[in-house]
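Presented below is the structure to which this report refers.
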Amino acid sequence: MAYLDHAATTPMLPEAVEALTAHLGTTGNASSLHASGRGARRTVEESRETLAEALGARPSEIVLTSGGTEADNLAVKGLYWSRRDADPARVRVLSSPVEHHAVLDAVDWLGEHEGATVEYLPVDRHGRVHPEALREAIARNPDDVALATVMWANNEIGTILPVRELADVAAEFGVPLHADAVQAFGQVPVDFAASGLAAMTVSAHKVGGPYGIGALLLGREHTPVPVLHGGGQERHVRSGTLDVPAVASFAVAGRLAAERRDRFAHEIGALRDSLVTAVRTAVPDAILGGDPVHRLPANAHFTFPGCEGDSLLLLLDAQGIECSTGSACTAGVAQPSHVLLATGTDPDLARGTLRFSLGHTSTQADVEAVAKAIGPAVERARAAGLS
Amino acid sequence: MTDTPQRSRPLRVLAAMSGGVDSAVAAARAAEAGHDVTGVHLALSANPQSFRTGARGCCTIEDSRDARRAADVIGIPFYVWDLAERFREDVVEDFVAEYEAGRTPNPCLRCNEKIKFAALLDKALALGFDAVCTGHYAQVVTLADGSRELHRASDMAKDQSYVLGVLDERQLAHALFPLGDTLTTKDEIRAEAERRGLAVAKKPDSHDICFIADGDTRGFLADRLGRAEGDIVDESGAVVGSHEGAYGFTIGQRKGLRIGTPAADGKPRYVLDISPVDNTVTVGPAASLDVGALTAVRPRWCGGAPIAPGTYTAQLRAHGGETEVHAALVDGTLEVTFTEPVRGVAPGQAIVLYDGTRVVGSATIATTVRAATADV
């Protein structure tokens, strides 16, 4: 079997499994004062320090959450509410049309239910937001901007966005910028302090950690209104008893992702390049998606004209090749990707996409399997056409 | 009769899974028979984001999930294919247009002919599948010469060959009905589903038209065709009431006529005729519903050659009984005479002809000849 859907989730690292299972048998609520509680708290705080180091942040800037979706919601909604509370004029939310749904839908929700004026910044045909576009949008009225949120790297087409430059622009106007770095972490250098971001989302299961744990990195001067109210854990920003084994496991995976990033990016990038070459050789009119230069090393996104992505998925799945169309689905019905539509792709063309995403278990054999299967699969899918 | 595809070599099978118990068990049986089965749920609603709620019908999110759950338990890949556009064009719009023309269509036949064994089958074949599998109760029999016949299910009470009477030989050659050849009651199918760990075992049956969630066909048509008030007249032409759209009536209908003046003989009156041209609905006594003959168009044959004139049995609606007929094909039109008059035959309905248990073919009723008046 060729598992080429690491951007959906990647196998847990053995070290992370070990950390998780080692803590599952230990009792202790990290908020308790007794010895068991102190033991749990020590695990949590050491893990927090580990994660902080891996991400270029201070330990107090790590707000642990149930994953990327929750961290995105906390950043977008929480910062909107707190900024608007401080000044009722701040109702404008700037975002990009290529965001993950965890950001996109949260932003839209603010527009529909919280009186926000949502503004999507233009992107180029590779899905990049240009710093000048952000400057223009903020400068139109710097006083009414609540926050800006632009992802670090796109989950579908793998384009890396100029987060550092965008953060500089936002900082000029005192506007907090959040970035969803779920796909970036482990593939490109992610240094929270150097990024200039106000907030940043990461998720454990994309870097070899467990499901159900992630973090919002949050500059100390920012206090978003909580989405989850309760016991006051995590700087009173995110209540809820901490999942100690998951936190410990996340820390191990996060540390290894940072330590191994350079070599991983180099090796996986080479493997990805050979995959791209193989697909293009088999299907000369396949269109490589995303930015040709600023792209994640593990992502290969293709559009196959005249094909339904779902058909390709079915045909490859039947041969043990697991990948994704890359786009979100509604009740299982494939919709043209909002990312591709935002980059100006023709809607019919946008239905024929496949995303191969590589990871730490990927091998040359996986590439060879794709090289062998993709040509006949595309031929078949083309015959089946667009329904 | 030799073998059925169910018992022959392993096939690559695409199982259409509605989310109901029959199609789930059918897929499970196909997989168990050694076929390489992939499940597919057809999304037929135009707007997937506003899928209706409720567990009945074929296009709810819940049904899609139930189908996926079943596929996971059976251990087969599962996909949702969006055929909403084709379904709207070929089934829903046809349904509305037929009613608008004063006829009574059967959308399930239409869906089998145009969607399940056309759009779906064509895509399946293009993708390398050999057959489409459904939970219909009917049998495909392969003869020694390789040709296929469609037969009633072993259990006549469950038989659904009527709604498959539109399939031609090519479509039959790629059809798999794993439920058709066993004497199985619905309770036994449910028990089998339970035994197989399929959570849909207890799900209620769907009976209604799947794209009319609340069962209000008249309201559905009114939304699309608008109100068009007209007269309800008796057989002499005297106005006895009014209606808000002739399309809202079906021949043989008794309820909901809201006629003010009672009939002279005090007996109930039924819809005898619907005339979209002058927007008039004609009502009269039950005896006037008796039909002695009919003509039917667009014949489709479940085997090779068109039929020779002869005596057949006919079925006129999905859950209707059999009746003996003499049928002949004249210039592409099927001319049918009933041995005994039948009641409540509506243009637009399908007549399916049988030779014993074998489905001969089907055609769409165009005109009827009253037994009493011998007048159309």
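The values are calculated or read from the model by the stated rules, or taken from the named source; none is laboratory data. What you are looking at is a predicted structure, and each value in this text was computed from that prediction instead of being measured. Don't worry about glycine lacking a Cβ; one is built from the backbone with ideal geometry, like all the others, and counts go over all protein chains shown.
Any chance the stretch B:64-86 includes a residue that's among the β-branched types (Val, Ile, Thr) and closer than 16 Å to B:Cys210 by Cα?
The answer is no, given that none of the residues of the stretch B:64-86 is among the β-branched types (Val, Ile, Thr) and closer than 16 Å to B:Cys210 by Cα.
Provide a single number: the residues in the stretch B:108-141 that are crowded, with 21+ Cβ neighbours inside 10 Å and more than 14 Å from chain A (Cβ to nearest Cβ).
15
Can you name the residue in the stretch B:70-88 that is surrounded by fewer than 19 Cβ atoms within 10 Å (Cβ to Cβ) and more than 12 Å from every other protein chain (Cβ to nearest Cβ) and is also modelled with the lowest pLDDT among such residues?
Of everything passing the filter in the stretch B:70-88, B:Arg88 is modelled with the lowest pLDDT.
So which residues in the stretch B:326-350 are hydrophobic (A, V, I, L, M, F, W, C) and closer than 10 Å to B:Thr313 by Cα, if there are any at all?
The initial filter retains those residues of the stretch B:326-350 that are hydrophobic (A, V, I, L, M, F, W, C), namely B:327-330, B:334, B:336, B:338, B:342, B:345-346, B:350.
Listed by number, the residues that qualify are B:Ala327, B:Phe338.
Filter the stretch A:361-387 for residues that are more than 13 Å from every other protein chain (Cβ to nearest Cβ) and either buried (at least 19 other Cβ atoms within 10 Å of the Cβ) or touching an Asp or Glu at 6+ places or on another chain (Cβ under 9 Å) (or both) and give the result. I'd like the intermediate steps shown before the answer.
Taking the stretch A:361-387 first, the residues more than 13 Å from every other protein chain (Cβ to nearest Cβ) are A:361-372, A:374-375.
A:Ser362, A:Asp366, A:Val367, A:Ala369, A:Val370, A:Ile374 - these are the residues of the stretch A:361-387 that are more than 13 Å from every other protein chain (Cβ to nearest Cβ) and either buried (at least 19 other Cβ atoms within 10 Å of the Cβ) or touching an Asp or Glu at 6+ places or on another chain (Cβ under 9 Å) (or both).
Would you mind stating whether A:His205 is over 19 Å from A:Phe356 (Cβ atoms) and not charged (D, E, K, R)? Please lay out each step first, then the result.
On the way: over 19 Å from A:Phe356 (Cβ atoms): no; not charged (D, E, K, R): yes.
Against the criterion (over 19 Å from A:Phe356 (Cβ atoms) and not charged (D, E, K, R)), A:His205 does not qualify.
Are there strands (runs of 3 or more DSSP E) fully within the stretch B:146-243 with at least 2 residues that are among the aliphatic types (A, V, I, L, M)? List them.
Here the list reads B:230-233, B:239-243.
Take the stretch B:28-54 and flag every residue that is within 21 Å of the chain's Cα centre (by Cα) and at pLDDT 90 or above.
B:Val40, B:His41, B:Leu42
List the residue pairs whose Cβ atoms are under 7 Å apart, where the first residue sits in the stretch A:111-128 and is assigned by TED's automatic domain parsing to the domain that holds A:Val76, the second is loosely packed, with under 13 Cβ neighbours inside 10 Å, and the two are 6 or more positions apart or on different chains.
Pairs found: A:Arg125/A:Gly344.
Return the residues of the stretch A:74-100 that are within 30 Å of A:His126 (Cβ to Cβ), in a loop (DSSP other than H, G, I, E, B) and small (Gly, Ala, Ser); say none if nothing qualifies.
We begin by selecting, within the stretch A:74-100, every residue within 30 Å of A:His126 (Cβ to Cβ); these are A:74-77, A:79-80, A:92-100.
Checking which are in a loop (DSSP other than H, G, I, E, B) leaves us with A:96-100.
Listed by number, the list holds a single entry, A:Ser96.
If you take the residues of the stretch A:137-172 that are among the small types (Gly, Ala, Ser) and part of a strand (DSSP E or B), which of them is surrounded by the fewest Cβ atoms within 10 Å (Cβ to Cβ)?
As a first pass, look at the stretch A:137-172 and keep what is among the small types (Gly, Ala, Ser): A:137, A:139, A:146, A:148, A:153, A:158, A:167, A:170-171.
Restricting the remaining residues to those that are part of a strand (DSSP E or B) gives A:146, A:148, A:153.
Values: A:Ala146: 25, A:Ala148: 28, A:Ala153: 28.
Filtering first and then ranking leaves A:Ala146.
Hey, among B:Ala327, B:Ala350, which residue is crowded, with 19+ Cβ neighbours inside 10 Å and over 19 Å from B:Glu113 (Cβ atoms)?
B:Ala327
What number of residues within the stretch A:10-52 satisfy the criterion of being surrounded by fewer than 16 Cβ atoms within 10 Å (Cβ to Cβ), in a loop (DSSP other than H, G, I, E, B) and of a type in the set (Val, Ile, Thr)?
The total comes to 2.
Return yes when A:Ala71 is under 23 Å from the mean Cα position of the chain (by Cα), within 23 Å of A:Trp152 (Cβ to Cβ) and outside any helix (DSSP H, G or I) and no when it is not.
It is false that A:Ala71 is under 23 Å from the mean Cα position of the chain (by Cα), within 23 Å of A:Trp152 (Cβ to Cβ) and outside any helix (DSSP H, G or I).
Are any of the residues in the stretch B:259-272 of a type in the set (S, T, N, Q) and either surrounded by 13 or more Cβ atoms within 10 Å (Cβ to Cβ) or over 30 Å from B:Glu229 (Cα atoms) (or both)?
No, that holds for no residue.
On the basis of being buried (at least 23 other Cβ atoms within 10 Å of the Cβ), within 26 Å of A:Ala204 (Cα to Cα) and either touching a residue at least 40 places away in the same chain (Cβ under 8 Å) or among the hydroxyl-bearing types (Ser, Thr, Tyr) (or both), does A:Ala257 make the cut?
Here the answer is yes, as A:Ala257 does meet what is asked.
Would you be able to say whether some residue in the stretch A:298-311 is small (Gly, Ala, Ser), touching an Asp or Glu at 6+ places or on another chain (Cβ under 7 Å) and not assigned by TED's automatic domain parsing to the domain that holds A:Arg42? Reasoning before the result, please.
Narrowing the stretch A:298-311 to residues small (Gly, Ala, Ser): A:298, A:300, A:306, A:309, A:311.
After this cut, where a residue has to be touching an Asp or Glu at 6+ places or on another chain (Cβ under 7 Å) as well, the list is none.
There is no residue in the stretch A:298-311 that is small (Gly, Ala, Ser), touching an Asp or Glu at 6+ places or on another chain (Cβ under 7 Å) and not assigned by TED's automatic domain parsing to the domain that holds A:Arg42.
What residue, among those in the stretch B:147-159 that are under 15 Å from B:Tyr354 (Cβ atoms) and touching a helix residue (DSSP H, G or I) at 6+ places or on another chain (Cβ under 9 Å), is surrounded by the fewest Cβ atoms within 10 Å (Cβ to Cβ)?
Result: B:Glu149.
In the stretch A:278-321, how many are free of Cβ contacts under 8 Å to residues at least 24 places away in the same chain, buried (at least 21 other Cβ atoms within 10 Å of the Cβ) and closer than 20 Å to A:Asp124 by Cα?
0
With the condition kept exactly as written, say whether any residue in the stretch A:372-387 is under 30 Å from A:Ala184 (Cβ atoms) and polar (S, T, N, Q).
No, the stretch A:372-387 has no match at all.
Specify which of the listed residues (A:Glu45, A:Glu49) is within 14 Å of A:Val244 (Cβ to Cβ), assigned by TED's automatic domain parsing to the domain that holds A:Gly232 and not small (Gly, Ala, Ser).
When all the criteria are applied, what remains is A:Glu45.
Please specify each residue of the stretch A:279-323 satisfying the condition of being aliphatic (A, V, I, L, M) and in a loop (DSSP other than H, G, I, E, B).
Hits for the stretch A:279-323 are A:Val283, A:Ala286, A:Val293, A:Leu296, A:Ala298, A:Ala318.
Check B:Ala144 against each of (1) more than 14 Å from chain A (Cβ to nearest Cβ); (2) farther than 17 Å from B:Thr364 by Cβ; (3) touching a helix residue (DSSP H, G or I) at 6+ places or on another chain (Cβ under 8 Å) and name the one condition it does not meet.
(3)
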